[in-house]
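Every number in this text was worked out from the coordinates using simple rules, so none of it is lab data. As the structure is a prediction and not an experimental result, all values here were calculated from the model. Neighbour counts run over all protein chains shown; Cβ positions are idealised from the backbone, glycine included.
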Amino acid sequence: MPEPEKPKLIVDSDWKAQAEREKEQLSAKLGEDKKAAPSAAQGEQAAQGQPQQMPKADFLTHCASVATQAMIFMGAMRHPMTGEVEFDPMQARYLIDTLSMLQEKTKGNLNAEEAKAVEEMLAELKMVWVQVIQEIQRQQAAAIAKGKQG
């Protein structure tokens, strides 16, 4: 009886390059040692399909990736692949809620550094979220006022 074929793993090099850039940005923002972060040259290697060393898969890297995506969807930072500002508040809110869920589910299982980093990520995301909502409300009020004048 022949063995079933193993599924082939197809790796999107653009996605890998984006993930590398996001990690670099967050590492710089969180003040981590830049030597631990992948270099721009490694991101270029990934984009060209060349082998590279992958970053260590750990909890903080994952949380930082989620936080970066939320910032992108709030329009607080440009999309690393397109350079465009994206705005999808529902997706941003979902990612913030996801990070909150991770914080809750891992409570008591994180070391002090991890717990503090997640708390700081969430605090910053929530602050930006409030600013985004306030700006939306300001723009809506201005549009209503303009409509009443014209």
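Here the calculated FRET efficiency for Ala112 and Asp58, from their Cβ-Cβ distance with R0 = 22 Å, stands at 0.90, rounded to the nearest 0.05. A Förster distance of 22 Å, applied to the separation of the beta-carbon atoms of Gln134 and Phe87, puts the FRET efficiency at 0.90.
Between Ala141 and Arg78, the simple spin-label model (points 7 angstrom out along Cα→Cβ) gives 3.1 nm.
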